[in-house]
Structures are given as C-alpha cells and as structure tokens.
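These notes are about the structure you will find just below.
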Amino acid sequence: MERLRHCLLGLGWDVVRRYEDERPLLRVLSPVSTCIGDSVVIDGGWFRSGTGVWLAPCREADRAAEAVAQLLAPYVIAIVMARQQEDE
C-alpha cells in the first residue's frame, strides 16, 4: 500500500491512508476537487478499486497508480472544463 501511495503522490493525487479498519485502504482524491476520488484495497494479491476494477498485481504499484489515474481522469477533466465555462 505504501508503494502505491508514493506512486499516486508522484502523479499529483492526494492520498489519505485509512489503515485503522479491518481492510486497510487508500483514499485517492483529486487535487482539483476532493469530491472526485476512489478507494483502493488489496484483494487476493491485487490492488482493487472501490468501483470493483482490478487495477494491477500488488507487485506493480506503478501500474495500479496509472490505472487509478485513468479511471478518475474523465471526472477531473469534466470539473476543469465546467470551471472554465463558468469563468467565461
């Protein structure tokens, strides 16, 4: 989880550790809008998104981070575009 956290931070995402529960998770939030985000857990040796998408094996944290970014990118883009339209 820590390797994935570092990879996500390196890609510019905000990451909150939630390790106190039975199933530790990372909460990944957009720096553009904290209402956009996802949770990531470890399930059977894989990183899995809160939406149920299998991201990558745990040994491939960088690949999992890129997969999270791809999942959330359309929402981030929509927020940025909406804000630009408001400014016009």
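Please treat every number below as a calculation from the coordinates, not as lab data. Computed from a prediction, not measured in an experiment: that's the story for all the values here. Note that each Cβ is placed from the backbone with ideal geometry, even for glycine, and that neighbours are counted across all protein chains shown.
Considering only Leu71, Leu25, Leu11, the Gaussian network model of the chain with Cα springs below 10 Å gives its largest mean-square fluctuation to Leu11. Compute the Cα gyration tensor for the stretch 2-87, then decide on rounded, prolate or oblate, letting a ≥ b ≥ c be the square roots of its eigenvalues: rounded whenever a/c is under 1.5, prolate when a/b is larger than b/c in the other cases, and oblate in all that remain. It comes out prolate by the Cα gyration axes. With K and R counted +1 and D and E -1, the other residues having a Cβ less than 13 Å from that of Tyr19 yield a net charge of +1. Each Cα pair under 8 Å and six or more residues apart adds its sequence gap; the mean of these over the residue count of the chain is a relative contact order of 21 percent. With K and R counted +1 and D and E -1, the other residues having a Cβ less than 15 Å from that of Glu2 yield a net charge of +4.
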